[in-house]
Amino acid sequence: MSEHVILKRLREANPVPDPASLREASPDDAILLTAIDERSRSMSTQQAPPIPPPPTDLKRRRPLLIAAAFAVVTILIGAAIVLGVNDEPEVVAPNDPVPTTVVDGVDPRPLSAQWVDAMNQGDLEGALAVLSPEASCDLPIGSGETCQQHLGYLIAIGTHIETRRCGEEPPYRCSYGLTSEFHATLGYPDHSLPATTAIEVDEEGRLVADFFGSEDASTPYWPSEGGDLWGWMQSEYPGMTIHPIFGPDPYDEAAGIAAMEAARRFNSPERIVQQLQLAFDSYASSGFRQCATQEGPVECAPLVNFLKAIDAQLGLECDPATAEAGVITCPLTIESGIHQALGSGASTSEAVIEYRGGLTQALQVEIRFADDPAVHDAFVAYAATVDGLFQEGELIFDGDSGRSLLDAARDFSGQ
Amino acid sequence: MDTAGADERLNQIFEHHYNDVLAYCSRRIGRSDADDVVAEVFAVAWRRIDQIDSDTIRPWLFGTARWVLANRWRSLRRWDRLHRKMSALARTYADSPEVLIVRREEDREMLEALSRLKESDQEVLRLTAWEELTASEIAAVLNITVSAAEKRIQRALQRLTNVVESSPTTQLSLRAAEKKAES
């Protein structure tokens, strides 16, 4: 039988030959779109905590807890000892050549401990040897077809598994916690997978378990920032297949090695500094999650517009070696049209950058309009008399105020 | 893109591609669950609206649907296993969702043959035969090169042919169907 005929027959076996026919039975578009819209808008976004005015406070601030923690992966392994189980038809995956028979009355905990030990020692072969071919190791994030691929990935990203507790009698439910060097490197040590169940011991004395699965498919494996890492990996590792949302495809040992290396590079102070430099050079505000000046928190885009409006040239001189606990403090010089109007050279201050997961979470810049503090203070006092530049005693940082402030500087210098 | 612009673009994408995405999901998970998956796909599209290339919207939506389905399918598979254990029902063939929507006996057998392939082979054939995607579109869905997509299609088709030819029942049914069509 030719492949052409097979393909033709497969086309004819299409369960939904006419997509338009589905629409007749579909919910009203408006209802569905509204539901999508509500679902999108109700999704929680990660907000960095407010930045207090003194830069040093940034270092004391506790890191933001990102949703869904990888560190607390709870895997419930139970031994479902069912009377007459040998008479039951067994679960057969599509490509499993031989069904596995589960046996009654065997305590799976020693096997479980053996598997955990092998995984923690990075012994992929040892971990696989404990498992029945029936065991499922599907990660909830992506493709890959075998335990060898998925466990290889986990070992490669430095996963550590801790047995938290096990039941003392059937069903021997055990829960585990997983942490990985990969997520910790990215600043998400608490990322988690939801609980799952796993099962029995087969007649060959191997563990039949449904690792990493979940009845709750909505629990995310990745925080929203994951997509940024994958996007970056896509450009940096062109040989890898990476889905823009879900990451490596397939998840296997090679992908794990690359992902681990990528995570280290992605979150390195050197790359953060480079990213910041580019953002400053191009006045791009999109690289920042939260911004502040010496006057308090401000929105990033208006701040960038303000800097553009006063024709600011920013000089950021970061030393990656000074990075500590995800925070870098860098000398910053600003020279702008206001400086020129005031007859001042560039003013020097500092920028404090907090980053995590390779992303700039917060940026605090101190903006001075003259290198002489007295001139700066005098000009600010003058500007406070101009309508529309201050709100509740604080200078407004946006494009309009920038243009007005530049005019005010020219007026001030003409006095 | 501002919120109004994003909404308008999502509406356009929805209007043009909803049927295809719904059909893609229905073919894989069954009609009853497809709506939820489609909603999730378009929710992802809304969040990523700035990153969707106009030239590859359809493959992008299919690629996203594939991954959303993967998560959903794991959950369903577990329920399916549990259900089968509890009810001690005999398993007829692979736990593929298409079995729920079989129209004819020969289709059922072809779908059974398909289900005996690796999931990656099944998907590339479904994309070819049911979604009618080109090799370059399949490459976009699967995030692989066009040449790799072409090879996967060819190999998967060869494997399906081998499965069909090794199954006397399926072969007989297909030949009977061919004769019927000829007459």
FRET E, pair B:Ser136, A:Ala254, Förster distance 25 Å, beta-carbon r, rounded to 0.05: 0.50
Backbone HN-Hα couplings from phi across the range B:113-122 [Karplus 6.51/-1.76/1.60, Hz, Gly and Pro as x]: 4, 4, 5, 7, 7, 4, 4, 5, 5, 4
Per-pair calculated FRET efficiency, R0 = 51 Å: B:Asp50 and A:Ala378 via Cβ, rounded to 0.05: 0.70
HN-Hα J in Hz across the range B:36-43 - Karplus 6.51, -1.76, 1.60, θ = phi - 60°, x for Gly and Pro: 4, 5, 4, 4, 5, 4, 6, 5
Mean separation of Cα contacts under 8 Å (6+ apart) over length of the range A:307-368, as relative contact order %: 28 percent
Value of relative contact order over the range A:251-392, rounded to a whole percent, pairs C-alpha under 8 Å and six or more apart: 22 percent
A:Ile396 long-range amide H proximity, modeled H, under 5 Å: A:Phe390, A:Gln391
Derived scalar couplings ³J(HN,Hα) [the range A:292-306; Karplus, 6.51 cos²θ - 1.76 cosθ + 1.60; whole Hz; x for Gly, Pro]: 8, 10, 5, 8, x, x, 9, 6, 5, 4, x, 5, 5, 4, 4
Once the Cα gyration tensor of the range A:270-414 is diagonalised, semi-axes √(5λ) in Å: 27, 15, 13
Amide H within-cut-off set for A:Ser136, under 5 Å, with H built and near neighbours excluded: A:Ala209, A:Asp210, A:Phe211
Residues whose placed amide H lies under 5 Å from that of A:Val201, excluding near-sequence neighbours: A:Val103, A:Val208
Sites A:Gln121 and A:Asp400, calculated FRET efficiency, Cβ-Cβ separation with R0 51 Å, nearest 0.05: 0.25
Estimated distance in nm for a label pair at A:Val386 and B:Asp7, the labels positioned 7 Å out from Cα along Cα-to-Cβ: 3.7 nm
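Here, each number is a calculation from the coordinates, and none is a lab measurement. What you see is a predicted model, and the numbers here were worked out from it, not measured in a lab. We place every Cβ from the backbone using ideal geometry, glycine too, and count neighbours over all the protein chains shown.
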